[in-house]
Each structure stands twice: as structure tokens, then as C-alpha cells.
Amino acid sequence: MKALIYADKNKTEFTNKPEPDIICDSDAIVQVTMSAICTSDLHIINNSVPRAKKGVTLGHEFTGVVVKTGDKVKNLKTGDRISANCITFCNKCYYCKRGFINNCENGGWELGCTIDGAQAEFVRVPYADNTLTKLPDNVSYKNALFVGDILSSGYFGALMCEINKDDTIAVIGSGPVGMCAMMCAKYMGAKKVIAIDIDNARLKTAIEQNLCDYAINPHEQDAQEVVKSLTHGRGADGVIEAAGCDETFKLAWQIARANAIVGIVAMYEKAQILPLCDMYGKNLTFKTGGVDAIHCEKLVELISKGEISTDFLITHSVPFERIKEGYEIFKNKKDNCLKVAVTY
Ligand SMILES: NC(=O)c1ccc[n+]([C@@H]2O[C@H](COP(=O)([O-])OP(=O)(O)OC[C@H]3O[C@@H](n4cnc5c(N)ncnc54)[C@H](O)[C@@H]3O)[C@@H](O)[C@H]2O)c1
Ligand SMILES: [Zn+2]
Ligand SMILES: [Zn+2]
């Protein structure tokens with residue numbers, strides 16, 4: 001079968017690999033029907049994910065059809081339409097029992113990183129009963145493409161902020177993850193959502209899609225002052241950092257009001273400075289991390305009921321054979337690209 005592999009730093013190859021088969025009895029084999037390219041794939045390719053194995057098939061955001069199941073798989077059968085979680089998890093270990101599946105002692109972010117992923121025709125999925133979510137008939141592959149990664153990450157970011165009604169939540173980064181965070185913050189009852197990005201086209205999309213109430217470009221406005229003016233001079237009740245650079249890390253705690261939560265979803269490519277002396281007395285809570293994507297069933301249900309939709313994020317599609325073109329479009333944000341769907 002065809003697969004896109006991470007060959008070496010800044011190098012991918014569209015190559016042939018043998019079709020995967022069941023290795024453990026909790027595995028399933030999935031025929032991929034749609035996959036997406038994620039910023040984390042770019043992080044792997046530019047060598048910022050030390051765990052990523054050279055030669056691994058990329059891809060951890062996908063939908064598909066189950067074509068084979070191991071003997072211990074209970075909830076899935078051949079022919080089931082699924083969306084996949086980017087985290088494979090055993091649901092039995094110390095961390096899984098507490099919902100911290102990102103730290104699963106037997107799984108974690110493996111697909112497309114340490115084991116072959118979904119930018120291929122078929123993929124072997126460990127702990128299939130946990131990792132795959134069945135799709136109801138009214139949810140298409142397109143509708144469910146982002147459930148197990150960026151939508152879960154946005155949901156995670158919003159959850160981290162422990163949103164109360166009446167809260168004003170600022171989301172730094174109006175990229176796909178930031179927009180998912182805005183949508184989830186609204187769903188969780190935030191009264192006002194402020195989108196912050198330096199890309200005006202992305203801010204425009206966030207407004208048009210009704211994801212935010214205000215949009216700020218920090219390169220054109222004093223973001224700290226604008227946030228203050230929208231929050232009785234206090235600052236945001238919660239901040240979700242979904243951009244991932246030095247400037248945005250700093251902005252995140254600067255625009256937070258005293259006693260706020262700063263939820264960091266972004267993955268930084270270098271160390272950040274936390275100048276505690278400058279924030280003394282603000283009594284902030286920082287939460288960080290890779291997504292504990294344990295809400296996939298709920299997210300599919302919300303999509304099925306029409307409460308949330310991520311369809312607008314698919315600005316570009318490419319057939320699988322042209323996936324490398326898809327990477328170029330995504331990496332360079334060509335034609336205001338948000339997400340590229342790879343079709344099979
Ligand atoms: N925690 C997780 O599990 C998890 C999961 C998925 C993605 N991520 C991370 O989340 C982050 C966002 O992902 P994405 O796919 O939306 O990426 P993206 O690059 O499309 O979005 C980042 C946005 O930040 C904006 N930005 C850059 N510099 C800025 C600045 N100085 N001020 C304001 N905005 C600025 C960009 O214009 C862009 O719109 C990435 O770091 C990604 O690796 C984390
Ligand atoms: Zn991802
Ligand atoms: Zn586990």
C-alpha cells in the first residue's frame with residue numbers, strides 16, 4: 001500500500017509499505033477514508049518531536065472503516081465507520097483510570113509518531129475499543145475528521161479554563177486549534193470570546209463563523225489594553241494559548257486577570273520564560289499539556305445534534321496520491337488554508 005513517511009529532517013517520502021495486520025488482540029485495522037495534516041506533523045518533520053521515529057508513516061487525524069478486528073475487540077466490527085483518537089490508550093493503567101490518557105503507560109501519542117499512522121491506505125490501531133469512536137449515520141467522515149485531535153484539543157483548552165457563565169475567554173491563535181477552542185468555550189457557556197491573531201483573514205473567519213465576539217490583531221492594536229477595555233479593566237477570566245511562540249506565551253499571562261487560568265494547548269519549539277517576578281500577586285494558574293482526548297464520543301454527539309461543526313475548517317482537499325502538495329499548501333497557509341483534508 002502507499003504511505004507517506006517521515007524520512008529524515010525536512011524530508012518525507014511517498015512510498016510503498018506492506019499492509020498492516022493485527023499484532024495484539026485489541027488492535028483493529030482501519031481502511032482510511034479521510035485524513036488531515038496537522039501542525040504536529042510539521043513539528044515531526046522539522047525534527048522538533050524527538051520521540052518520532054524516522055521511517056514512521058505520518059498521520060494521526062483520520063476517519064475510516066474497520067476492516068479487521070483482534071479477538072479482544074468488543075465494541076467494533078468490520079464495516080463500522082469510525083473517527084480516531086490521536087491518542088491510543090489502554091484505559092487500565094494508573095493514568096488512564098484518572099482520565100489522563102495522554103500519559104497512558106501503554107499508549108499515548110503513538111500513531112504517526114512512534115508507530116505507523118494514517119497517511120496511508122490502511123492503519124493498525126492499538127486498543128481499538130478505546131481509540132476509535134463509531135460514527136452515527138448522520139455524521140459524515142468530513143463532519144468527524146477533527147474529533148480526535150484538534151477538536152479534542154480545543155475542548156481540552158476550554159476545559160482547562162474551568163469556564164463559568166459570564167466569563168470572558170481570550171483565545172490566542174485563531175488557527176484550527178484556536179478556533180476549536182473558541183467553539184468549545186462558547187459551548188461551555190463563555191459569555192464573551194476574544195480571538196487574538198496576527199492573521200486578519202483568520203480573525204475574519206472566526207468572526208464570520210460566530211466563534212468569537214471580538215477580534216484583536218496584536219501587531220495592529222495594543223492587545224493588553226483592548227482586553228482590559230472589554231473586561232472592566234481586569235483582563236480575561238481565562239486565556240487559551242493556541243499559537244505557540246514566545247510573544248504569545250508572554251501575552252497569555254499578560255492579558256489574564258488576577259486569579260485567572262491560563263490554559264496552554266500550543267506546543268512550543270523552544271523553552272519559554274516564566275518571569276514570576278513580573279506576575280507576582282496576579283496569582284495565576286497555568287495548565288499545560290498534550291490533549292487528554294477522552295471526550296470523543298461526546299464531541300461526535302454534539303456534531304450529530306448540530307451543536308458544533310468543524311466543516312468550515314476544511315479549506316482545501318487533495319487526493320491521497322497528491323498528499324505532498326497538501327503539505328505544501330498547509331505549511332505555507334496558501335490561499336488562507338486552515339486545514340487540508342486528504343481523500344482516499
Ligand atoms: N496540546 C495538544 O495536544 C495539541 C494538539 C494539536 C495541536 N497542538 C498545538 O496547538 C498549536 C496550534 O495549532 P494550529 O494547528 O491551530 O496551528 P496554526 O499554526 O495554524 O495556528 C497558530 C496561529 O497562531 C497565530 N500566531 C502566530 N504568531 C502570533 C502572534 N505573535 N500573535 C498572535 N497570533 C499568532 C498564527 O497566525 C496562527 O493562526 C500548535 O502549536 C500545535 O502544535 C497541540
Ligand atoms: Zn495533531
Ligand atoms: Zn493507559
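The values are calculated or read from the model by the stated rules, or taken from the named source; none is laboratory data. The structure presented is a predicted model; accordingly, all values stated were derived computationally and were not measured. Neighbour counts run over all protein chains shown; Cβ positions are idealised from the backbone, glycine included.
Inspect all residues belonging to region 323-332 and state whether any of them is in a loop (DSSP other than H, G, I, E, B) and of a type in the set (Phe, Trp, Tyr). No, because not a single residue in region 323-332 is in a loop (DSSP other than H, G, I, E, B) and of a type in the set (Phe, Trp, Tyr).
Checking 167, 149, 137 one by one, the residue that is closer than 22 Å to residue 107 by Cβ and either among the acidic types (Asp, Glu) or in contact with a Gly (Cβ under 7 Å, 6 or more places away or on another chain) (or both) is 149 and no other. Right, residue 252: away from ligand 3 (no atom under 16 Å from the Cβ), of a type outside the set (Asp, Glu) and closer than 21 Å to residue 182 by Cβ or not? Spelling it out, residue 252 is indeed away from ligand 3 (no atom under 16 Å from the Cβ), of a type outside the set (Asp, Glu) and closer than 21 Å to residue 182 by Cβ. Whenever a residue of region 66-91 is at pLDDT 95 or above, its partners that are part of a loop (DSSP other than H, G, I, E, B) and charged (D, E, K, R), lying with C-beta atoms within less than 6 angstrom and at least six residues away or across chains, give the pairs 66/80; 70/25; 70/27; 71/25; 72/25; 88/110.
Residues in region 203-213: is at least one more than 13 Å from ligand 1 (Cβ to nearest atom) and of a type in the set (Lys, Arg)? Among the residues of region 203-213, not one is more than 13 Å from ligand 1 (Cβ to nearest atom) and of a type in the set (Lys, Arg), which makes the answer no.
Taken over region 1-33, residues that are among the charged types (D, E, K, R) and either surrounded by 18 or more Cβ atoms within 10 Å (Cβ to Cβ) or over 22 Å from residue 324 (Cα atoms) (or both) amount to 3.
Being in the same structural domain as residue 170 (by TED's automatic domain parsing) and either surrounded by fewer than 16 Cβ atoms within 10 Å (Cβ to Cβ) or under 20 Å from residue 85 (Cβ atoms) (or both) is a description that does not apply to residue 302. Contact annotation: residue pairs with Cβ atoms under 8 Å, 6 or more positions apart or on different chains, pairing a residue in region 143-161 that is farther than 20 Å from residue 41 by Cβ and of a type in the set (Phe, Trp, Tyr) with a partner that is assigned to a helix (DSSP H, G or I) and away from ligand 3 (no atom under 16 Å from the Cβ), are 155/180; 155/181; 155/184; 155/299. On the phi > 0 side of the Ramachandran plot and buried (at least 16 other Cβ atoms within 10 Å of the Cβ): is that true of residue 235 in this structure? In short, yes. Applying a threshold of 8 Å to beta carbon distances and a minimum spacing of six or more residues, or different chains, the list of pairs starting in region 1-14 at a residue that is touching a residue at least 40 places away in the same chain (Cβ under 8 Å) and ending at one that is buried (at least 21 other Cβ atoms within 10 Å of the Cβ) and among the acidic types (Asp, Glu) reads 3/116. Applying the criterion of being farther than 20 Å from residue 260 by Cα and without any contact (Cβ under 8 Å) to a residue 60 or more places away in the chain to the residues of region 204-214, the residue that is surrounded by the most Cβ atoms within 10 Å (Cβ to Cβ) is 206.
The residue of region 140-178 that is farthest from residue 262 (Cα to Cα), among those that are buried (at least 24 other Cβ atoms within 10 Å of the Cβ) and aromatic (Phe, Trp, Tyr), is 146. Scanning region 150-185 for residues that are β-branched (Val, Ile, Thr) and either within 13 Å of the chain's Cα centre (by Cα) or not in a loop (DSSP other than H, G, I, E, B) (or both) yields 150, 168, 169, 171, 172, 177. Given the condition farther than 22 Å from residue 191 by Cα, crowded, with 20+ Cβ neighbours inside 10 Å, more than 15 Å from the chain's Cα centre (by Cα) and of a type outside the set (A, V, I, L, M, F, W, C), answer yes or no: does some residue in region 310-325 qualify? So far as region 310-325 goes, no, none of its residues is farther than 22 Å from residue 191 by Cα, crowded, with 20+ Cβ neighbours inside 10 Å, more than 15 Å from the chain's Cα centre (by Cα) and of a type outside the set (A, V, I, L, M, F, W, C).
Looking across region 34-48, the residues that are surrounded by 19 or more Cβ atoms within 10 Å (Cβ to Cβ) and more than 9 Å from ligand 1 (Cβ to nearest atom) come down to 34, 35, 36, 37, 41, 44, 45.
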